[in-house]
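The structure under discussion appears below in the form of structure tokens.
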Amino acid sequence: LRAPRAFATFGLIYLPVAAVIALLGGLVANLPILGDLLDTAGSDSGTSFVLALLAGSVPHLIALVVVTAMMATYVDRVDADPSMTPVDAAKRAWAHRRALGSGLLRAAAIVFVLLITVVGAPWAIWSLVRYQFLPHAVMLEGLDGKHALKRSAELVRGRWWHTALMVALVNLVVGATALVVGLLLLVLFSGIPLWAFSAIVSLVVGFVVPVTALALTYLYGDAVAVEQDLEPAEHLAVAGR
């Protein structure tokens with residue numbers, strides 16, 4: 001929070017990333033094969049519900065991974081290199097795009113298969129929490145996608161509930177912020193166009209997301225410090241070592 005301009009920049013980066021991914025998701029949803037699957041599933045089926053849920057959350061998730069990867073790099077290097085900028089962090093994240101992408105696709109496939117069965121939903125949530133440190137393992141430890149997921153699971157082992165609670169809290173902040181802003185807009189500007197309503201809510205969420213990315217980065221540093229049996233004062237300093 002010492003660099004509000006950097007936070008604002010990360011928030012602005014989140015918006016186009018989420019928008020592009022949502023657009024691609026809409027295009028994919030109109031492909032013949034997936035369209036047939038949705039028609040077969042029906043509007044009242046569990047499969048249709050799961051697909052709708054994923055369609056709404058996937059753009060946010062992918063954009064959050066991208067912003068978190070940049071935030072992790074920025075936090076890790078800014079003290080040693082005060083000239084570090086969000087653009088530099090974005091370039092480093094782009095350089096690791098294959099590892100981030102492969103890890104995210106692998107994690108998404110696992111979670112999707114578990115969710116689509118409905119009965120596997122608890123294991124999907126369990127896996128989702130275990131993979132929270134994917135961007136940190138890639139950016140700060142130089143691992144590829146497969147090994148980054150394994151590393152993330154190692155850090156969460158024995159701390160699943162702690163990690164799940166913290167992740168839920170920071171994401172609750174994002175959701176609550178969007179809800180409050182949305183309600184205020186509806187109350188104060190009842191005739192606001194839908195496009196303006198969506199744009200304003202997305203803009204506000206975009207500026208809250210960097211706080212989520214920062215919290216996840218600190219949570220990663222805490223997990224590494226606990227693993228290495230360091231003192232609490234060293235927890236944040238360990239990120240990236």
- Within region 105-136, residues in contact (Cβ under 8 Å) with a residue 60 or more places away in the chain and under 14 Å from the mean Cα position of the chain (by Cα) come out as Gln132, Phe133, Leu134, Pro135, His136
- Item | Pairs with Cβ under 7 Å, 6+ apart, first in region 143-159 and free of Cβ contacts under 8 Å to residues at least 40 places away in the same chain, second of a type in the set (A, V, I, L, M, F, W, C) and open to solvent by 10 Å² or more (accessible area, probe 1.4 Å) | Arg151/Leu143
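Checking the condition under 16 Å from Leu216 (Cα atoms), touching a residue at least 24 places away in the same chain (Cβ under 8 Å), open to solvent by 40 Å² or more (accessible area, probe 1.4 Å) and in contact with a Pro (Cβ under 9 Å, 6 or more places away or on another chain), which residue from Val173, Val66 passes? Talk me through it step by step, then tell me what you get.
Working: Val173 fails: in contact with a Pro (Cβ under 9 Å, 6 or more places away or on another chain).
None of the other options fit; the residue is Val66.
Quick one: is Val167 of a type outside the set (Gly, Ala, Ser), touching a residue at least 24 places away in the same chain (Cβ under 8 Å), within 22 Å of Thr9 (Cβ to Cβ) and out of contact with any Gly (no Cβ under 6 Å at 6 or more places or on another chain)? I'd like the intermediate steps shown before the answer.
Values: of a type outside the set (Gly, Ala, Ser): yes; touching a residue at least 24 places away in the same chain (Cβ under 8 Å): yes; within 22 Å of Thr9 (Cβ to Cβ): no; out of contact with any Gly (no Cβ under 6 Å at 6 or more places or on another chain): yes.
The answer is no for Val167.
Name every residue in region 80-105 that is part of a helix (DSSP H, G or I) and buried (at least 19 other Cβ atoms within 10 Å of the Cβ), in order of residue number. Even if it seems obvious, please write down each step before you answer.
Taking region 80-105 as the starting set, the residues that turn out to be part of a helix (DSSP H, G or I) are 86-95, 97-105.
Those that are part of a helix (DSSP H, G or I) and buried (at least 19 other Cβ atoms within 10 Å of the Cβ): Pro86, Ala89, Ala90, Ala93, Ala99, Leu100, Gly103, Leu104.
The values are calculated or read from the model by the stated rules, or taken from the named source; none is laboratory data. Just so we're clear, the structure is a prediction, and the values are computed from it rather than from any experiment. All Cβ positions, even for glycine, are placed from backbone atoms using ideal geometry, and neighbour counts span all protein chains on display. Ligands, DNA and RNA are stripped out before the accessible areas are found, and what is left, the full protein with its side chains, is counted by its heavy atoms. Shrake-Rupley method; radii C 1.70, N 1.55, O 1.52, S 1.80 Å.
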